[in-house]
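The block underneath contains the structure these notes are about, expressed in structure tokens.
The values are calculated or read from the model by the stated rules, or taken from the named source; none is laboratory data. This one's a predicted model, so the numbers in the text were calculated from it and none came from an experiment. Ideal geometry is used to build each Cβ from the backbone, glycine not excepted, and the neighbour counts take in all protein chains shown. For the accessible areas, the whole protein counts, side chains as well, though only heavy atoms, and no ligand, DNA or RNA atoms are used. Shrake-Rupley method; radii C 1.70, N 1.55, O 1.52, S 1.80 Å.
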Amino acid sequence: MISRLEQLKLGALKELDLITDAKEMELWRVNYLGKKSELTGILRSLSSLAVEERKPVGTAANRIRTELENGLDQKKCALREIQLTAVTREEDIDVTLPGRPLPTGRLHPITKTINEVCEIYNSMGFQVTSGPDVEWNYYNFEALNIHDDHPARDVMSTSWVDIEADKDRGQMLLRTHTTSVTARVIESQNPPIRVVEPGRVYRYEATDATHTPMFHQIDGLAIDKGITMADLKGTLYEFARRFFGEGRGVRFRCDYFPFVEPGVEMAIECLVCNGRGCRLCGNTGWIEILGAGMVHPRVLERGNIDPETYSGFAFGMGIDRLPMLRYGIDDIRLFYNNDLRFLSQF
Amino acid sequence: MKISLKWLREYVDITLSPHELANRLTMAGTETEGMQCIGENWTGITIGEITDINPHPNADRLKLVTVNLGSEQTTVVCGAPNVRIGSKVAFAPVGAQLIDGHSGEPFRLKSARIRGVTSNGMACSEKELGISDSHEGIVILPDEAPIGTPLAEYLGDVIYDLAITANRPDCLSVIGVAREVAALTGQELHRPDTSYAEAGHPIEQQISVEIADPELCSRYCASLITGIRVAASPRWLQQRLLKCGMRPISNIVDITNYVMLEYGQPLHAFDYDQIQDRKIIVRRAAAGEKITTLDGLERTLSPDMLVIADQKRAIAIAGIMGGIDSEVADGTSSVLLEAANFNPGSIHRTGSALNMPSEACNRFERGIRPELVDEAIRKATKLIIELAGGQAAKGLIDVYPNQQDQEPILLTNEKIRGLLGIDFSTDRIVAALTSLGFTCEIATNSSGVRATAPYWRSDIKQEVDLIEEVARIIGYDKIPTTLLGTTLPSQSPEPMVKLKQMIRCHLRGYGFQEIVTYSLTSLEILRKLLPDNSIEPTPIRMANPMTAEQEYLRTNLRANLLTTLYSNRKHEDDSIRIFELGKVYLPRQNDLPDEPEILCALLNGPRQSKSWHEGDSPVDFYDAKGTVESLLHNLVTNLDFEKSSDASLHPNKQAAILIDGNKAGIVGELHPGVREAFDICEPTYLIEFNVTTLLPFTTGHKMFRPIPRFPAVVRDIALTVDREVPHHSIQSNIEGTHLVTKVTVFDVYSGGQIPGGKKSIAYRITFQSPDHTLTDDEVDKVQKQIIDKLSRELGANLRS
Ligand SMILES: [Zn+2]
């Protein structure tokens, strides 16, 4: 009986080996493992065998059934693999062809720079605010200690609006700096104040590689009890560190702006020569980045803020210069010509 | 202002290197914008004396010149026309670095054979030394030049180009800068001698001065020198003027310029004999009064201008320029020298009105102190006597009606700490201020000092001005660096900032490139926007436009976008999607213009970049509208569209954007006529909305909606309706029905089996109940209601 079983197994496995599709495999299963198969018959008739035969035959038959079942599982896997290989071989593509393009948009480099600068000041508690481009003489000049005959007006050649002047606020003009917003904030807000004011500014100037009649600035202002020049240095230093990177040298020197006292100019180590001196920095090793200072007491008084109680600092910085320095752009007009071959680089 | 280091050294001992000095001045407020080092490369070049000149054996125009260099003699070939025995010259040996007289390029001098004679060195021209462009002859040095001395030692100098800030007119002078250097380096200032012999008659017997308008002239000082001889200035004086960028004219004029550069006080010399009736009157010009100035031009004056006049006529425009009638010329023998102080505002206005900027004007308009005149007039008088001969009258004319002395200002240690964030001892404060010439007195009833500014400072008016002086002398680098520790203001972010940022980000995501264009434009461009070339609204005009292209403030962004599209189309054949988010400027009565923030975008060209994937169909109206829908669904809740009539757009392909029923913008195809006006070939689609109008609808607070718990049932229906029935009315009919949660149109079709005048339109409708699973019967019932209603109200039939 046992030899019959061995024979059965050998025959079955040989047959299994030759099977190539699922249908044949099912036939084989019915044939060798099905209810009517010989093996099932043997297992079912075990009880009719002699006692001493029953155990070895039962053991052998069960072993053989397990072996056939395992054989079937392996065959199933092998067939599935062959089948999948065949299918995927059919589905061949050229992966070197380009992908389906998604539209790519970009923000203007000036917008990106303003966003980046605002984010840095935001994180130091400064809120973004704004003011009008067309401004009264008063807010652009008078409120900032720049009276009509002030020599500082000569360097800020002004575009005037062709509308009759107002009795109190003077002639309308295109603001020459965003410091006009500082004047408005001082007049309309109460301390504590911490704001930054990005925007367009205008100069009555001929266009060339370093001048456009319109460009961008950001001004900032902090007023409260106990604000000092040390805070001004710290705030601007932190800005420089985060915008230009750790380790870039920063210098604060005395300078003059009518609406602050003491006045400060901040420069950073030249990005081209790292302080050794080159054409970009005029051989000084330094690049002027912004003007700042402690808000002049008369400017505070004009906004009804008592300079004996409150102090504060203000700063103003050109925006366009920053991406020019960062990307080595040598012509400011590129920002406003809007050639897509230029804009798509940022 | 250009300052010579050599000149500066006459007033202050300088131990710093030229570069260190530049840095110290820069840090303390006097910025060095440039530095020219004369003689930097003159290694080996020495002073020699020509001891012999012989003809060149082979060339008529060349000479053999023997030069005594002290330790040796050498003979060189020289072609310069101005060689003379006894002349002192700059001698360059072989190996010296020079500038080529013709090409201007630097070169190293080599031994040369010139027409058969070896020449080991040369006598140099100014151009070869790099001093100037003069190459007509060799440099002839003054007789006292010491033989054998390196030229750099004798003639070398450093010329600083200093940016003097508007508050420091006292530093527009060599002495002013020397005072800064002295304060910054702890040195004493050496004051020049200004004494001279007064040999003539008392001045008041020979001239009188009347200030008719003391508001415009606070002080008028004059000296009189008779018996002078007008000639060229000595070389040293000419050199100094040239180094400071001024042209030598004659000894008298040069002296007035020299003393202005030295002290910062402008001076003017009149030919005394041309002053009628020996009387000077400082008065306002009469309306239309005329004067011919030194430059030969006739100027018409107005009563807000100040003139120096005699009894008959104006002889100078005060502080601006002298008149030609009283000019010091070759035959002048007596000079009336003026040192006065004029009103800064008046000088500024006069200088601008006549367009006559000058060194004098530059100083007066910044507000120099009247006290500067004392030393300046004495020094100039002294120099005239020394260099032009003659004798000075006894005494000076000095009309100074309202002398204003500097007042002491209290500076407390507490205020310094409060503003600078650091404590300085009273000693340190006093030391800093004293070094700058302030007189300090320890305050009696508070800790601090009472400081009085020196007579030359016009910018010290209050306590903060003193604080800056202390801070800049001690050094800004001594001030600590801290972060703001004060109360954080209540944070109320400006919603517009956030909204603008969101719009920009979304559009970038949809493939739009942001552009930034000028706020100023021209009428010509604005006219192109309407087929009838009208302009609405009237833009604001500039009073002083720089160019015709920048004459008006823009009233829309369309024109600039279309111009940008046109210029990019010249080199770009791919899809172009651009937008700008910026202000327009709309006139208002008696107020600043309204400046709403506008979003304007254009779509033009193929829908997708050219690729091997899909066909390249061009963008159409629905691309533009889809952009608006995607963008605004993110920002507002109640978005709608209706037909509109913008004259710049195609009459049948445009729709107004409604938010909560309010018109906020427009989307549509550009009118073909407008498109042609901008030279754009393909159909172009425009999106425009007023972000300022949009703002109030975006700030609403959104609430969470739970995810439906019961399954949805989806049904598709196809209808036949009249072609004129808009999708919108079908959709809103379906949407209003009970249990309907979503309606999507998925097919629109006419022609074929659809009868004429009709169209087929298909919808997918989603039904869902919040509280139970819908049965087929329920949905059938609702669907029938919908179809009945559509049939009743819109004449729609269900297609089977
Ligand atoms: Zn550099």
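Count the net charge of all other residues whose Cβ sits under 11 Å from the Cβ of A:Thr210, scoring Lys and Arg as +1 and Asp and Glu as -1.
Working: positive: A:Arg321, A:Arg333; negative: A:Glu205, A:Asp208, A:Asp320, A:Asp330, A:Asp331.
Local charge sum for A:Thr210: -3.
Please work out the average accessible area per residue across the range B:495-698, using the 1.4 Å probe convention, and give it in Å². Spell out each step's value before the answer.
Numbers: 8670 Å² over 204 residues.
Heavy-atom accessible area per residue stands at 42 Å².
So what is the relative contact order of the range B:198-399, in percent, for Cα pairs below 8 Å that sit 6 or more residues apart?
Details: 453 pairs, mean separation 74.8, N = 202.
Computed over the range B:198-399, the figure is 37 percent.
Note the full-extension length gain between B:Ile787 and B:Leu774 as 0.36 nm times their separation in residues minus their Cα-Cα distance, in nm to one decimal.
Details: separation 13, 0.36 × 13 = 4.68 nm, distance 1.90 nm.
Gain in length upon complete extension: 2.8 nm.
Among all the aspartates and glutamates, which ones have a C-alpha under 17 Å from B:Lys63's C-alpha, if same-chain residues fewer than 8 places away are not counted?
List returned: B:Glu49, B:Asp52, B:Glu136.
Determine the residues within the range A:248-266 where the difference in accessible area between the chain on its own and the full set of protein chains amounts to at least 20 Å²; count protein heavy atoms only and use a 1.4 Å probe.
The answer is A:Arg251, A:Phe252, A:Arg253, A:Cys254, A:Asp255, A:Tyr256, A:Glu261, A:Pro262 - residues whose exposure falls by at least 20 Å² when every protein chain is included.
How much net charge surrounds A:Leu79 when only other residues with a Cβ under 14 Å from its Cβ are counted (Lys, Arg +1; Asp, Glu -1)?
Taking every other residue near A:Leu79 into account, the sum is -1.
Compute the distance in nm between two label points, each set 7 Å from the Cα along the Cα-to-Cβ direction, one at B:Tyr749 and one at B:Ile707.
Here the answer is 3.6 nm between the modelled labels.
How big is the Rg/Rh ratio for the range A:233-346, C-alpha atoms only, Rh by Kirkwood, two decimals? Mind dumping the intermediate values first?
Working: Rg = 17.2 Å, Rh = 16.1 Å.
Dividing the radius of gyration by the Kirkwood radius yields 1.07.
Take the cross-link list A:Lys55/A:Lys76; A:Lys9/A:Lys35; B:Lys88/B:Lys127; B:Lys498/B:Lys583; A:Lys112/B:Lys702 and give me the ones stretching past 22 Å between alpha-carbons.
Pairs exceeding 22 Å: A:Lys55/A:Lys76; A:Lys112/B:Lys702.
Per 10 Å bin from zero, what fraction in whole % of the C-alpha pairs of the range B:495-698 is there, up to the bin with the longest pair?
Spelled out bin by bin, the range B:495-698 gives 8, 34, 38, 17, 2, 0 percent.
Tell me the Rg and the Dmax, in Å, that the Cα atoms of chain A produce.
When restricted to Cα atoms, chain A yields Rg and Dmax of 42.2, 130 Å.
State the Kirkwood hydrodynamic radius of the range B:546-663 in Å, one decimal place, computed from all pairs of distinct Cα atoms.
By the Kirkwood definition, the hydrodynamic radius is 16.9 Å.
Using amide H atoms built in the peptide plane, which far-off residues or other-chain residues are under 5 Å from B:Asn544 H to H?
Sorted by chain and number, the residues that satisfy this are A:Trp160.
Does the range B:713-798 classify as rounded, prolate or oblate by the C-alpha gyration tensor (a ≥ b ≥ c root eigenvalues; a/c under 1.5 gives rounded; else a/b over b/c gives prolate, otherwise oblate)?
Since a/c reaches 1.5 and a/b is larger than b/c, the shape of the range B:713-798 is classed as prolate.
Taking the Cα atoms of the range B:409-478 alone, what are Rg (to one decimal) and Dmax (as a whole number) in Å?
That works out to 10.9, 31 Å for Rg and Dmax.
Three principal axis extents, largest first, for the C-alpha atoms of chain B, in Å?
So the three principal-axis extents are 127, 84, 59 Å.
How many Å² of accessible area per residue for the range B:46-155, probe 1.4 Å?
Ligands and nucleic acids excluded, the result is 52 Å² per residue.
Can you give the Rg and Dmax of the range B:46-155 based on its C-alpha atoms, in angstrom?
12.9, 37
Going by a 1.4 Å probe on protein heavy atoms, which residues of the range A:191-218 end up with at least 40 Å² less accessible surface in the whole assembly than in their chain alone?
A:Pro192, A:Arg194, A:Arg200, A:Tyr204, A:Pro213
With springs only between Cα atoms under 10 Å apart, run a GNM on chain A and tell me which of A:Ala267, A:Ala22, A:Ala230 wobbles the most.
Evaluated over chain A, the most mobile residue of the options is A:Ala22.
Roughly what angle does helix A:179-188 make with the longest principal axis of chain A, taking Cα atoms, 0 to 90 degrees, to the nearest 10?
The two axes meet at around 90 degrees.
First compute the accessible area of the range A:195-238 with a 1.4 Å probe, then give the percent of it belonging to carbon and sulfur atoms.
51 percent
If you count the DSSP beta bridges with both ends in chain A, what percent of them are antiparallel, to the nearest 5? Write out the running numbers ahead of the final one.
Details: 42 of 44 bridges.
About 95 percent, rounded to the nearest 5.
Report the equivalent ellipsoid semi-axes for the protein assembly as shown in whole Å, largest first, defined as the square roots of five times the eigenvalues of the gyration tensor built from alpha carbon atoms.
Numbers: eigenvalues 1420, 358, 209 Å².
Three semi-axes, in Å: 84, 42, 32.
Which of the residues in the range B:8-31 lose at least 20 Å² of accessible area when you go from the chain alone to all protein chains together (probe 1.4 Å)?
B:Thr26, B:Met27, B:Gly29, B:Glu31
In peptide A:279-290, what is the residue-averaged number of other protein chain Cβ atoms found within 10 Å of each Cβ?
For this peptide, the per-residue mean of nearby foreign Cβ atoms is 2.
In degrees from 0 to 90, rounded to the nearest 10, what is the angle of the helix B:463-474 Cα long axis to the longest principal axis of chain B?
Relative to chain B, helix B:463-474 is tipped by roughly 70 degrees.
Using a Förster distance of 51 angstrom, determine the FRET efficiency expected from the C-beta separation of B:Asp277 and A:Trp160, and round it to 0.05.
Efficiency computed from Cβ-Cβ geometry: 0.70.
For chain B, with all protein chains present and a 1.4 Å probe, just round the carbon and sulfur fraction of the accessible area to a whole percent.
Within chain B, the accessible surface is 49 percent carbon and sulfur.
Counting only protein heavy atoms and a 1.4 Å probe, tell me what percentage of the range A:102-183's accessible area is made up of carbon and sulfur.
Within the range A:102-183, the accessible surface is 49 percent carbon and sulfur.
Using the alpha carbon gyration tensor of the range A:2-90, what are the three equivalent-ellipsoid semi-axes (square root of 5 times each eigenvalue), largest first, in whole Å?
Semi-axis lengths for the range A:2-90 are 32, 11, 9 Å.
Report, by chain and number, residues whose modeled amide H sits under 5 Å from the one on B:Ala112, excluding near sequence neighbours (fewer than 5 apart, same chain).
It is B:Ser119, B:Gly121, by chain and number.
Roughly how tilted is helix B:373-388, in degrees to the nearest 10 and between 0 and 90, from the longest Cα axis of chain B?
Once rounded, one gets 50 degrees.
Once you keep just the Cα pairs under 8 angstrom separated by 6 or more residues, what percentage relative contact order results for the range B:713-798?
In percent, rounded to a whole number, it is 41.
When the distances between all Cα atoms of the range B:198-399 are binned every 5 Å from zero, what whole-number percent does each bin get?
Going from the shortest bin to the longest, the percentages are 1, 8, 17, 22, 23, 17, 9, 3, 0.
Mind checking how much accessible area A and B bury in total, 1.4 Å probe, in Å² rounded to 100?
Heavy-atom accessible area buried at this interface is about 7600 Å².
Students often forget the sequence filter, so: which lysines lie under 22 Å Cα-Cα from B:Lys784 once same-chain residues fewer than 8 apart are removed?
Filter leaves B:Lys742, B:Lys758, B:Lys759.
Enter the accessible area per residue of the range A:185-325 (Å², integer; probe 1.4 Å; all protein chains in place).
On the way: 4810 Å² over 141 residues.
Accessible area per residue, the range A:185-325: 34 Å².
Between B:Ala163 and B:Arg588, what is the spin-label point distance in nm, taking each point 7 Å from the Cα along the Cα→C-beta axis?
It works out to 3.7 nm between the two label points.
Tell me which residues come under 5 Å, amide H to amide H, from B:Glu198 once H is placed; ignore anything under 5 positions away on its chain.
none
When the convex hull of the Cα atoms of the range A:198-270 is projected onto a plane and the area is averaged over all directions, what value comes out in nm²?
Result: 6.7 nm².
May I ask you to rank B:Met1, B:Met260 by accessible area, largest first, using a 1.4 Å probe over the protein chains only? Kindly include the intermediate steps, with their values, before the conclusion.
Numbers: B:Met1 40, B:Met260 10 Å².
Ranked list, largest accessible area first: B:Met1, B:Met260.
Give me the one-decimal nm value for the distance between modelled label points at B:Arg450 and B:Ala431, 7 Å along each residue's Cα-to-Cβ direction.
That separation, rounded to one decimal, is 2.5 nm.
Grab the alpha carbons of the range B:537-602, take their convex hull, and tell me the volume per residue in Å³.
94 Å³
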